[in-house]
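First up is the structure itself, then whatever we jot down about it.
Every number here is computed from the coordinates shown, using simple stated rules; none is lab data. Predicted model only: the values in this text are computed from it and were never measured. Note that we place each Cβ from the backbone using ideal geometry, even for glycine, and neighbour counts take in every protein chain shown.
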């Protein structure tokens with residue numbers, strides 16, 4: 001189910017990432033129309049938004065724009081994780097933990113602590 | 001004047017000594033929720049006594065001498081006819097209170113608005129990059145590193161990477177998500193925000209700085225405890241180890257690994273809650289921290305107030 005423009009943005013971005021080549025609004029529209037009823041102007045608006053948000057770049061070829069994802073989905077995810085972690089753990093914005101960086105000695109100590117625990121006591 | 005000195009000395013010494021006092025022993029790790037309340041009470045205590053000290057010093061002796069009745073009268077007069085009655089003392093007092101309050105409000109606005117904006121941007125990216133898994137009740141991100149976290153605000157979102165799903169067995173995934181759920185339900189981001197606001201508003205105060213790092217640490221222990229109500233402690237411990245060690249150490253985190261060690265050891269051992277006496281003593285300490293400064297500030301006023309009324313009631 002697609003609800004708002006936000007969901008459509010994610011659908012369109014997924015298509016753009018899957019093409020791995022530039023595509024016009026018409027290309028995406030035809031692709032999406034195989035599954036749903038959707039208007040040209042809707043797709044155009046969504047792609048324009050994605051361009052404004054810095055996710056798609058575009059250039060004009062004859063009369064229409066041709067769009068292309070600026071970076072791969074993996075790159076965006078890696079960047080999101082990098083900025084989230086770079087904030088240094090717990091921030092008012094996101095509660096990130098489970099991620100304190102461990103020295104090799106600390107990691108060893110943790111593993112050892114887990115090994116010492118009697119297997120009998122492990123409920124699973 | 002004595003009251004002002006007492007409160008001032010308390011504020012100064014509390015700002016330095018309280019953090020050292022509160023980190024003693026293992027009581028905080030045994031009762032993280034109470035410990036968070038204690039840190040907040042300590043901060044509120046020092047902050048209010050500093051303001052009250054200025055109030056007590058600034059309000060002229062005559063006003064204090066005539067007690068609260070006069071003070072209330074002066075306030076009423078000030079409110080009804082602000083231009084006419086402006087005792088310097090009251091102006092200074094109001095200014096100092098307003099200064100502290102204003103500084104806090106300003107920093108709160110900065111921190112909260114920034115957090116809100118960051119959360120919105122983060123949620124937007126999650127919408128594009130992640131996939132909601134209704135069985136898990138979490139957003140799954142396609143990413144190699146095992147990471148789990150939560151994004152507060154609104155109903156809040158739990159996020160887990162495919163790397164974490166691959167490296168953890170299902171019961172440990174459930175335990176990790178229960179921990180995240182505990183953060184969201186406990187509104188722990190507000191605890192973090194409070195720490196950030198205080199240490200930003202009044203930097204260089206040892207108490208506020210320590211309160212910030214300690215409460216950030218304690219919410220993790222608290223969330224572990226909540227998760228442990230429904231999940232085996234060993235699963236939480238094991239998930240912690242896997243998540244903490246399975247990652248490429250490419251980032252330098254603010255916090256060291258000490259807390260991870262503490263958390264694993266806690267989850268490996270049985271629960272060690274405070275006994276009734278310890279709990280009572282802790283709650284009493286929280287109450288004392290909160291009520292103490294106000295009680296000290298009001299003592300001369302109340303006694304003068306009573307004397308005033310007794311004097312009027314007495315037959316001449």
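Observations, loosely collected:
- Placing dummy labels 7 Å off each Cα toward the beta-carbon, the span from residue A:71 to residue B:162 is 1.8 nm.
- Counting every other Cβ atom within 10 Å of each residue's Cβ, A:61, B:234 order from fewest to most as A:61, B:234.
- With R₀ set to 56 Å, the beta-carbon distance separating residue A:48 from residue A:113 gives a calculated FRET efficiency near 0.55.
- For the pair residue B:171 and residue B:26, a Förster radius of 25 Å applied to the C-beta separation gives a FRET efficiency near 0.30, rounded to the nearest 0.05.
- Listed by Cβ neighbour count within 10 Å, with the fewest neighbours leading, A:44, B:267 appear as A:44, B:267.
- Placing pseudo-labels 7 Å out from each Cα toward the beta carbon at residue A:26 and residue B:283 gives an inter-label distance of 7.5 nm.
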